[in-house]
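**Q** Input: one structure, supplied below.
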Amino acid sequence: MSLRVGALCAGYGGLELGLQLAGIDTDLIWVSETDKHASAVLDARFGVPNLGDLTQIVDSPEVDIVTAGFPCQPVSHAGKGAGVHDERWLIRDVVTVARQAGAQWIFMENVRGLLSANKGEAFGQVLDALAEGGFDARWACVRADQSVGACHRRDRWFAVAYSSGERHGGGQDGGEVGLLDGRDESQTRQQQRARAEPVDRSSAFGVYGEAVARWERILGRPAPAPTDDGKLSSRFVEWMMGLPDGWVTGVDLSHSQELKILGNGVVPHQAAAAYGWLLEQ
């Protein structure tokens with residue numbers, strides 16, 4: 001039975017792809033995204049209603065799961081560090097929408113800086129908002145290179161929140177959230193093979209050659225050229241993020257628009273590994 005999903009701050013749909021890779025049978029019902037270029041990607045790839053600004057959502061269609069890669073700028077080390085004082089600090093809005101939609105689960109993602117922002121106050125507010133909404137949670141910080149063999153570090157915080165007393169069920173029909181049998185073992189074997197078969201890519205990628213070769217083997221396709229006309233190739237960044245070729249770059253956006261969307265995105269394989277581990281705890 002498919003679990004209905006509503007995606008907040010959906011970006012290019014990385015968390016939704018991650019749930020699928022984790023073996024969770026999902027049906028995306030709606031998204032919420034205000035960036036018009038990311039919205040174009042979502043429309044092209046999923047074709048579901050976009051509810052727009054999550055702070056303005058009223059009476060959203062019911063879902064079993066809400067995903068939320070809620071804005072990281074307030075807590076990112078690369079930002080101004082305003083944290084809970086930033087107007088983009090939306091965790092309570094996320095929980096409010098999840099409650100209104102009847103979600104039993106919230107799958108979240110953010111940067112590692114969430115844990116230390118505002119001397120811990122930001123993370124405290126996350127836990128407080130979830131508790132007020134009737135959710136318990138488990139979380140972990142997971143690196144893309146260590147967890148799935150990606151060619152870049154991308155250290156991120158992932159969390160699975162579940163409605164109190166409903167940890168093992170999802171939705172009104174009692175659907176169960178879990179991993180498909182054998183997925184974890186298969187992925188482990190794939191990563192072991194990737195590490196055991198070195199390929200010399202140093203001529204094109206220098207010191208990053210082996211990391212690139214490893215990710216090529218895991219994804220099952222070669223890396224595109226890293227630059228295009230002297231600029232960073234958006235197709236290469238798309239590949240680094242583990243997305244299908246053309247997922248973002250095939251939507252007729254400008255080079256800068258593609259890079260912005262990709263830079264704010266989620267590595268689906270990393271999300272799958274994190275959520276798979278958290279669901280097993």
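**Q** Hey, which of the strands (runs of 3 or more DSSP E) in segment 1-98, taking only ones fully inside, have at least 2 residues that are β-branched (Val, Ile, Thr), at pLDDT 95 or above and under 19 Å from SER163 (Cα atoms)?
**A** 65-68
**Q** Can you pull out every residue in segment 201-222 that is among the small types (Gly, Ala, Ser) and more than 11 Å from CYS151 (Cα to Cα)?
**A** The answer is SER202, SER203, ALA204, GLY206, GLY220.
**Q** From the residues in segment 196-233 that are of a type in the set (S, T, N, Q) and either within 19 Å of PRO244 (Cβ to Cβ) or modelled with pLDDT of 85 or more (or both), which one is surrounded by the fewest Cβ atoms within 10 Å (Cβ to Cβ)?
**A** The extreme case among them is THR227.
**Q** Another question, if that's okay. As an exercise: evaluate ALA101 against (1) over 17 Å from the mean Cα position of the chain (by Cα); (2) crowded, with 21+ Cβ neighbours inside 10 Å; (3) modelled with pLDDT under 95 and give the number of the one condition it does not meet.
**A** (3)
**Q** Tell me, please, whether a residue that is outside the structural domain of ALA38 (by TED's automatic domain parsing), aromatic (Phe, Trp, Tyr) and out of contact with any Gly (no Cβ under 8 Å at 6 or more places or on another chain) can be found in segment 215-237.
**A** Yes, segment 215-237 contains at least one residue that is outside the structural domain of ALA38 (by TED's automatic domain parsing), aromatic (Phe, Trp, Tyr) and out of contact with any Gly (no Cβ under 8 Å at 6 or more places or on another chain).
The values are calculated or read from the model by the stated rules, or taken from the named source; none is laboratory data. If you're wondering where the values come from, they're calculated on a predicted model, not measured in any experiment. Neighbour counts are summed over all protein chains in view; Cβ atoms, including those assigned to glycine, are modelled from backbone coordinates with ideal geometry.
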